[in-house]
Amino acid sequence: MTEDEDDKMAKRWQKDANGILIFTGLFSAALAALATVSVQDLRPNPQDTSAFYLANIYQLLADTNISRASILATPAQPPPFSPPRSAVLVNSLWFLSLVISLTCALLATMLQQWARRY
């Protein structure tokens, strides 16, 4: 009698773990896709750097009073990049969610292995 109940309980745990594994797999795939897109906000935009240098070149070519020595003496550097706080926060939450999801998948796998031995 109790052995039958134990078998039923172990099978229920395995079914629950299967559902958790399917959900976490799909959820992790969606999170990875979203994190891939949003991580771009943490890097400087190469178009901004190009626009900065093109503006400097235009300014040097437009001003005929500047000598060649002063052009070579003062190299222009783009302003330092700092990602927006919102981008850092959003990406932190995406990666935290991904870690939690993968941890749940690991725990569900361990539960399945334990239920098989039980």
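Within segment 66-78, identify whether any single residue is surrounded by 13 or more Cβ atoms within 10 Å (Cβ to Cβ) and among the small types (Gly, Ala, Ser), and answer yes or no. No, the conditions are met nowhere in segment 66-78.
Can you pull out every residue in segment 1-36 that is of a type in the set (Val, Ile, Thr) and either in contact (Cβ under 8 Å) with a residue 12 or more places away in the chain or outside any helix (DSSP H, G or I) (or both)? Within segment 1-36, ILE20, THR24 qualify. Among ILE20, ILE57, ILE100, which is the only one that is open to solvent by 70 Å² or more (accessible area, probe 1.4 Å), modelled with pLDDT of 90 or more and either among the β-branched types (Val, Ile, Thr) or over 21 Å from the mean Cα position of the chain (by Cα) (or both)? That would be ILE100, the only listed residue that is open to solvent by 70 Å² or more (accessible area, probe 1.4 Å), modelled with pLDDT of 90 or more and either among the β-branched types (Val, Ile, Thr) or over 21 Å from the mean Cα position of the chain (by Cα) (or both).
Here ALA105 does not qualify as surrounded by 12 or more Cβ atoms within 10 Å (Cβ to Cβ), in contact with a helix residue (DSSP H, G or I) (Cβ under 7 Å, 6 or more places away or on another chain) and not in a helix (DSSP H, G or I).
The values are calculated or read from the model by the stated rules, or taken from the named source; none is laboratory data. Everything numeric in this text was worked out from a predicted model, so none of it was measured. For neighbour counting, all protein chains shown are included, and Cβ atoms are generated from backbone atoms with ideal geometry for every residue, glycine included. Each accessible area value is taken on the protein alone, full model and side chains, heavy atoms only, with ligands, DNA and RNA left out. Shrake-Rupley method; radii C 1.70, N 1.55, O 1.52, S 1.80 Å.
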